[in-house]
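One structure below.
The values are calculated or read from the model by the stated rules, or taken from the named source; none is laboratory data. Predicted, not measured: the structure shown is a model, and the values here were computed from it. Note that we place each Cβ from the backbone using ideal geometry, even for glycine, and neighbour counts take in every protein chain shown. Heads up: the accessible areas ignore ligands, DNA and RNA and are worked out on the full protein's heavy atoms, side chains in. Shrake-Rupley method; radii C 1.70, N 1.55, O 1.52, S 1.80 Å.
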Amino acid sequence: VQLQASGGGLVRPGGSLRLSCAASGSDFRINAMGWYRQAPGKQRDLVAVITVGGGTTYADSVKGRFTVSRVNAKNTVYLQMNSLEPEDTAVYYCMAGTTWNPRYWGQGTLVTVSS
(Lines give C-alpha, C1' and ligand atoms only; values in the text may rest on other atoms or scores of the structure.)
Protein backbone atom coordinates (compact mmCIF):
# COMPACT_ATOMS: atom_id res chain seq x y z
CA VAL A 1 0.00 0.00 0.00
CA GLN A 2 1.30 3.43 -0.93
CA LEU A 3 -0.03 6.70 0.45
CA GLN A 4 0.30 10.02 -1.37
CA ALA A 5 -0.45 13.11 0.68
CA SER A 6 -0.85 16.69 -0.44
CA GLY A 7 -2.14 20.05 0.71
CA GLY A 8 0.31 21.34 3.30
CA GLY A 9 1.70 24.84 3.34
CA LEU A 10 1.99 28.12 5.18
CA VAL A 11 -1.12 29.68 6.67
CA ARG A 12 -1.82 32.51 9.09
CA PRO A 13 -3.34 31.85 12.51
CA GLY A 14 -7.08 31.47 12.17
CA GLY A 15 -6.78 30.25 8.61
CA SER A 16 -7.72 26.95 7.01
CA LEU A 17 -6.05 24.18 5.06
CA ARG A 18 -7.23 20.92 3.58
CA LEU A 19 -5.00 17.85 3.39
CA SER A 20 -5.66 14.94 1.06
CA CYS A 21 -4.26 11.43 1.01
CA ALA A 22 -4.83 8.84 -1.68
CA ALA A 23 -4.05 5.18 -1.12
CA SER A 24 -3.06 2.73 -3.81
CA GLY A 25 -3.01 -1.01 -3.31
CA SER A 26 -4.95 -2.95 -0.71
CA ASP A 27 -4.43 -4.78 2.54
CA PHE A 28 -7.31 -6.55 4.29
CA ARG A 29 -5.84 -5.56 7.66
CA ILE A 30 -6.56 -1.88 7.02
CA ASN A 31 -9.77 -0.60 8.56
CA ALA A 32 -8.79 3.01 9.19
CA MET A 33 -7.08 5.92 7.51
CA GLY A 34 -6.19 9.29 8.87
CA TRP A 35 -3.54 11.64 10.11
CA TYR A 36 -0.84 11.82 12.70
CA ARG A 37 1.52 14.75 13.18
CA GLN A 38 5.00 15.35 14.52
CA ALA A 39 6.25 18.71 15.71
CA PRO A 40 10.00 19.37 16.07
CA GLY A 41 11.41 17.56 19.07
CA LYS A 42 8.15 15.77 19.80
CA GLN A 43 6.73 12.33 19.18
CA ARG A 44 4.30 11.52 16.42
CA ASP A 45 0.74 11.77 17.72
CA LEU A 46 -2.72 10.97 16.42
CA VAL A 47 -4.61 13.93 14.98
CA ALA A 48 -7.72 12.43 13.39
CA VAL A 49 -8.58 8.98 12.10
CA ILE A 50 -11.67 7.57 10.40
CA THR A 51 -12.60 3.92 10.04
CA VAL A 52 -14.16 2.19 7.05
CA GLY A 53 -17.44 2.31 8.95
CA GLY A 54 -17.17 6.05 9.50
CA GLY A 55 -16.18 6.08 13.14
CA THR A 56 -13.84 8.92 14.02
CA THR A 57 -11.19 9.60 16.65
CA TYR A 58 -9.75 13.06 17.26
CA ALA A 59 -7.04 14.47 19.45
CA ASP A 60 -8.57 16.69 22.12
CA SER A 61 -6.58 19.66 20.86
CA VAL A 62 -8.25 19.60 17.44
CA LYS A 63 -11.83 18.72 18.31
CA GLY A 64 -14.23 21.27 16.89
CA ARG A 65 -11.59 22.65 14.51
CA PHE A 66 -10.54 19.69 12.36
CA THR A 67 -12.72 17.30 10.41
CA VAL A 68 -11.59 14.00 8.92
CA SER A 69 -13.54 12.42 6.09
CA ARG A 70 -13.05 9.73 3.47
CA VAL A 71 -14.33 8.53 0.14
CA ASN A 72 -14.03 4.76 0.30
CA ALA A 73 -14.54 4.28 -3.43
CA LYS A 74 -11.49 6.47 -4.06
CA ASN A 75 -9.42 5.19 -1.12
CA THR A 76 -8.92 8.83 -0.20
CA VAL A 77 -8.98 10.54 3.17
CA TYR A 78 -9.19 14.28 3.84
CA LEU A 79 -8.41 16.52 6.78
CA GLN A 80 -10.15 19.88 6.85
CA MET A 81 -8.32 22.12 9.30
CA ASN A 82 -9.99 25.33 10.43
CA SER A 83 -9.06 27.94 13.02
CA LEU A 84 -5.44 26.90 12.77
CA GLU A 85 -3.12 27.83 15.61
CA PRO A 86 0.68 28.10 15.75
CA GLU A 87 0.63 24.97 17.92
CA ASP A 88 -0.70 23.05 14.91
CA THR A 89 2.61 23.54 13.12
CA ALA A 90 4.02 20.10 12.35
CA VAL A 91 4.69 17.55 9.68
CA TYR A 92 1.41 15.75 9.04
CA TYR A 93 1.59 12.09 8.09
CA CYS A 94 -1.16 10.19 6.38
CA MET A 95 -1.60 6.68 7.74
CA ALA A 96 -3.46 3.47 7.02
CA GLY A 97 -3.95 0.58 9.40
CA THR A 98 -6.01 0.55 12.56
CA THR A 99 -6.69 3.67 14.59
CA TRP A 100 -3.85 3.22 17.07
CA ASN A 101 -1.62 0.95 15.02
CA PRO A 102 -0.67 2.48 11.69
CA ARG A 103 0.69 -0.03 9.26
CA TYR A 104 1.55 2.31 6.41
CA TRP A 105 2.72 5.92 6.31
CA GLY A 106 2.69 8.60 3.65
CA GLN A 107 5.67 10.84 3.02
CA GLY A 108 4.56 13.67 5.31
CA THR A 109 3.44 17.17 4.46
CA LEU A 110 4.53 20.28 6.36
CA VAL A 111 1.91 22.59 7.83
CA THR A 112 3.21 25.88 9.17
CA VAL A 113 0.93 28.27 11.02
CA SER A 114 2.57 31.64 11.40
CA SER A 115 1.87 35.31 10.96
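Contour minus end-to-end for Ser20 and Val71, with contour as 0.36 nm per residue of separation and end-to-end as the Cα-Cα distance?
Details: separation 51, 0.36 × 51 = 18.36 nm, distance 1.08 nm.
Here the answer is 17.3 nm.
Which number comes out as Rg/Rh for region 1-72 once both Rg and the Kirkwood Rh are worked out on C-alpha atoms? Walk me through the numbers on the way to the answer.
Details: Rg = 13.2 Å, Rh = 13.7 Å.
That ratio equals 0.96.
Determine the gain in length on full extension of the stretch Lys42-Thr98; use 0.36 nm per residue of separation and subtract their C-alpha separation, reporting nm with one decimal.
Computed gain between Lys42 and Thr98 is 18.0 nm.
Placing +1 at every Lys and Arg Cβ and -1 at every Asp and Glu Cβ, with all other atoms neutral, what dipole size does region 1-100 have around its Cα centre, in debye to the nearest 20?
Roughly 160 debye for region 1-100.
For the chain, give the percent of accessible area contributed by carbon and sulfur heavy atoms, probe 1.4 Å, rounded to a whole number.
C and S atoms contribute 48 percent here.
Before I look further, what does the chain give for accessible area per residue, probe 1.4 Å, in whole square angstrom?
It amounts to 52 Å² per residue over the chain.
Using amide H atoms built 1.01 Å from N in the peptide plane, name the residues 5+ places from Asn31, or on other chains, whose amide H lies under 5 Å from its own.
Gly97, Thr98
Using the Cα centre of the chain as origin and beta-carbon charges of +1 (Lys, Arg) and -1 (Asp, Glu), tell me which of Trp105, Gly25, Ala5 is placed farthest towards the positive end of the dipole.
Value: Gly25.
Around Thr76, under 14 Å between beta carbons, what's the net of Lys plus Arg minus Asp minus Glu among the other residues?
Its environment carries a net charge of +3.
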